Amino acid sequence: LGTINVASGRVRGVQIGLVNVADSSDFSLGLVNVNTEGRTHIDVWSELEVGMLFSAVKHGGQHWHSFYGIGTRLTDPNLMAVFGIGGHIRFADWFYLNVDGLAYLAPSFEDGELNTLAQARAVAGFNVIDELAFYAGPAFNAAIGRKQDNEWAPDYGYRHDPETGIAIAMWPGATVGMQVLSE
């Protein structure tokens, strides 16, 4: 536990800090996590119901990973950041399951507001070849912002958009993507 954790060799246990570095670890939780002998992938995915397209580096240990990426909403192009953490279980050489928690950050340069989309998703992945996998699965989304225009949420979503204060929209969705540099 610390601000910056650097370990040589394998960490048996948990690293918690702003920056965590190790050859490998059972679990690292921080803003930046680096496992020099861990899994590293490039993921590209879409949130179908809201028209978002993202790309991220997914990096971590045998059973966990962190996301660091960028993307946009195709119907309202604006650069967005995505950060997240997730769990990974490989059932066979060709099949895996990931459970992820992601935060999408959409700054508005016009009014200085920051809209946030929080997402929990479970995706099943299928390796076509060793270096390429496709995945898909359900997601649950919650958009939070001070000036939410509620166009993030599809018509079937829940919306609460008061005149003043925090606006919230929630809805189920779907994620479809691909992973390169697969293990």
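Descriptive notes on the structure:
- Modelled label positions at Phe126 and Asp76, each set 7 Å beyond Cα in the direction of Cβ, lie 3.5 nm from each other.
- Label corresponding to P(r) over Cα pairs in 10 Å bins from 0, in percent when calculated from the structure given, among (i) 8, 26, 25, 19, 14, 7, 2; (ii) 9, 23, 19, 17, 21, 10, 1; (iii) 10, 35, 31, 19, 5, 0: (iii)
- Apolar share of the accessible surface for the chain: 66 percent from carbon plus sulfur atoms, 1.4 Å probe.
- Only Lys, Arg, Asp and Glu carry charge here, each on its Cβ (+1 for the first two, -1 for the last two); on that basis the chain has a dipole of about 540 debye about its Cα centre.
- Of all DSSP bridge pairs formed entirely within the chain, close to 85 percent run antiparallel.
- Where labels lie 7 Å past Cα in the beta-carbon direction, separation of Asp26 and Tyr68 in nm: 2.5 nm
- Sequence-ordered 3J(HN,Hα) estimates for segment 17-31 from the Karplus curve with 6.51, -1.76 and 1.60 and θ = phi - 60° stand at x, 5, 10, 10, 10, 7, 4, 7, 8, 5, 6, 10, 10, x, 5 Hz, glycine and proline given as x.
- Our coupling estimate for segment 63-76, obtained by passing each phi through the Karplus curve with A = 6.51, B = -1.76, C = 1.60 and θ = phi - 60°, is 10, 8, 7, 10, 10, 9, x, 9, x, 8, 9, 5, 7, 9 Hz, Gly and Pro reported as x.
- Spin-label zone in segment 59-96 - amide nitrogen under 16 Å from a point set 7 Å from the Cα of Leu181 along the C-beta vector: 59-62, 65-70
- Electrostatic bookkeeping for Ser28 treats Lys and Arg as +1 and Asp and Glu as -1; over the other residues with beta carbon under 14 Å from its beta carbon, the sum is +1.
- Listed residues Asp26, Asp100, Asp43, most fluctuating in the chain (Gaussian network, C-alpha, under 10 Å): Asp26
- Inter-label distance for Ile89 and Ala136, nm, one decimal - labels placed 7 Å from Cα along Cα-to-Cβ: 2.2 nm
- Local electrostatic count, Trp171, Cβ distance below 11 Å [Lys/Arg +1, Asp/Glu -1]: -2
- Stretch gain in nm, segment Leu18-Val44, where the contour uses 0.36 nm per residue and the Cα spacing is subtracted: 6.8 nm
- Among Pro172, Pro138, Pro77, residue whose mean-square fluctuation peaks in a GNM of the chain (springs only between Cα atoms under 10 Å): Pro77
The values are calculated or read from the model by the stated rules, or taken from the named source; none is laboratory data. Remember, it's a predicted structure, so these values are computed and weren't measured experimentally. A quick note on method: Cβ atoms are made from the backbone with ideal geometry, for glycine too, and the neighbour counts reach across all protein chains shown. Surface areas here come from the heavy atoms of the whole protein model, side chains and all, with no ligands, DNA or RNA. Shrake-Rupley method; radii C 1.70, N 1.55, O 1.52, S 1.80 Å.
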